[in-house]
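What follows is one structure encoded as structure tokens, with my remarks underneath.
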Amino acid sequence: MTGEHIDTLMGDGSDVASLDHLLKLVDRGDFDFIAVGRGMLVNHDWATKVRDGRVDLLSNWDPEVLNSLR
């Protein structure tokens, strides 16, 4: 886990990251499955935006989003 990932587990926010490195790891066969839970919580249309190349429209992770789920 990266430091940023651990920080988000502790309640910090995080910025949208490029998918380029992730796609290289997928192409190399490093993953069988990729989860996009937090991305989907703050961007209900995450898949559409990524498919359309509009990652610039993705919102950053904000743990306050979890309060809306209660």
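The values are calculated or read from the model by the stated rules, or taken from the named source; none is laboratory data. Since this is a predicted model, take the numbers as computed values, not measurements. Neighbour counts run over all protein chains shown; Cβ positions are idealised from the backbone, glycine included. Areas reflect the complete protein model, heavy atoms only, side chains present, ligands, DNA and RNA absent. Shrake-Rupley method; radii C 1.70, N 1.55, O 1.52, S 1.80 Å.
Could you please report the charge total around GLY39, scoring K, R as +1 and D, E as -1 over all other residues with beta-carbon less than 11 angstrom from its beta-carbon?
Surrounding charge for GLY39 is +1.
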statement: So, with points 7 Å from each Cα along the Cβ direction, the LEU22-ASP62 label distance in nm works out to 2.1 nm
- prompt: Carbon and sulfur atoms: what percent of the 1.4 Å accessible area of the range 12-70 do they account for?
  reply: 53 percent
query: What full-extension length gain, to one decimal in nm, is calculated for ARG70 and PHE31 as 0.36 nm per residue of separation minus the Cα-Cα distance?
result: 10.8 nm
